[in-house]
Amino acid sequence: ELKVEQNPLFLSMQEGKNYTIYCNYSTTSDRLYWYRQDPGKSLESLFVLLSNGAVKQEGRLMASLDTKARLSTLHITAAVHDLSATYFCAVYETSGSRLTFGEGTQLTVNP
Amino acid sequence: GAVVSQHPSWVICKSGTSVKIECRSLDFQATTMFWYRQFPKQSLMLMATSNEGSKATYEQGVEKDKFLINHASLTLSTLTVTSAHPEDSSFYICSARDPWFGGLGYTFGSGTRLTVV
């Protein structure tokens with residue numbers, strides 16, 4: 001059974017600071033997704049990482065994937081308040097053609 | 001990009017009644033749709049995979065007679081919560097594999113907040 005673990009689960013940071021969210025998973029997969037969820041809303045797609053060594057960047061967010069280590073990171077650069085949300089990683093499970101989600105990281109960026 | 005429309009956005013129903021939630025792919029055909037449930041401050045848990053023209057595949061522990069899924073066309077899947085009880089109150093989200101990213105992307109509906117009183 002695929003397990004996906006994120007850490008930290010809660011992150012409070014100041015504007016302008018950098019931080020990284022980690023996503024570990026337990027079985028082989030070559031596809032990983034990052035989503036953002038605002039309170040009371042559905043999921044917004046951020047990144048799709050499709051191969052080992054993949055790196056994607058959009059604005060202050062950068063995601064990477066190391067399939068050998070079964071690890072993905074979401075790096076936040078010079079955080080701003082608008083980035084406050086919950087971030088989920090989701091790993092593609094080949095056997096069921098479905099996504100398994102991590103627990104989510106609730107990010108709060110303080111002025 | 002791909003759009004998945006989900007209705008209603010919120011619904012309040014009395015215990016013992018049934019509620020139907022619709023999920024439509026607006027600008028693409030979705031042979032497969034996914035239904036998730038999310039309790040407050042928790043992650044998304046896959047309930048079932050809905051396949052057009054065939055029976056849904058339910059995850060372990062999900063009662064198929066309680067959560068009826070119908071995927072009668074390539075653009076519509078429905079989830080009916082039958083004989084709802086307060087413990088069924090949750091945020092339900094549908095998802096479909098969209099044709100962008102070489103068919104590897106997933107687009108999510110806006111979600112339905114169900115409150116059973």
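Using the Cα gyration tensor of region A:49-111, with a ≥ b ≥ c the square roots of its eigenvalues, what is the shape: rounded (a/c below 1.5), prolate (a/b larger than b/c) or oblate (neither)?
In terms of gyration-tensor shape, oblate.
Counting only other residues whose beta carbon sits under 9 Å from that of B:TYR92, what net charge do I get with K and R as +1, D and E as -1?
Computed value for this residue: +2.
Using +1 at the Cβ of each Lys and Arg and -1 at the Cβ of each Asp and Glu in chain B, identify which of B:GLY53, B:GLN6, B:HIS85 lies farthest towards the dipole's positive end.
Result: B:HIS85, furthest along the dipole toward the positive end.
If you rank B:VAL62, B:VAL4, A:VAL109, A:VAL55 by fewest surrounding Cβ atoms within 10 Å, what's the result?
A:VAL55, B:VAL62, A:VAL109, B:VAL4
Quick one: order B:VAL11, A:VAL91 by neighbouring beta-carbon count within 10 Å, fewest to most. If you can, show how the numbers build up before the last one.
Details: B:VAL11 17, A:VAL91 25.
The most exposed by this proxy come first: B:VAL11, A:VAL91.
If the cut-off is 20 Å between C-alpha atoms, which lysines fall inside it for B:LYS55, apart from same-chain ones fewer than 8 positions away?
Of all the lysines, those that pass the test against B:LYS55 - Cα under 20 Å, at least 8 places apart if same chain - are B:LYS20, B:LYS64, B:LYS66.
Rank B:SER43, B:SER25, B:SER83 by mean-square fluctuation in a GNM of chain B with C-alpha springs under 10 angstrom and give only the top-ranked residue.
Comparing B:SER43, B:SER25, B:SER83 in the GNM, the peak value goes to B:SER43.
Using a Förster radius of 41 Å, what is the FRET efficiency between A:ASP82 and A:SER26 based on their Cβ-Cβ separation? Nearest 0.05, please. Mind showing how you got there, number by number?
Details: r = 33 Å, r/R0 = 0.80.
FRET efficiency, A:ASP82 to A:SER26: 0.80.
Bear in mind that the values in this text are calculations on the coordinates, not laboratory data. As the structure is a computational prediction, the values presented were derived from the model and not from experiment. Reconstructed Cβ throughout: ideal geometry from the backbone, glycine too, with neighbour counts over all protein chains shown.
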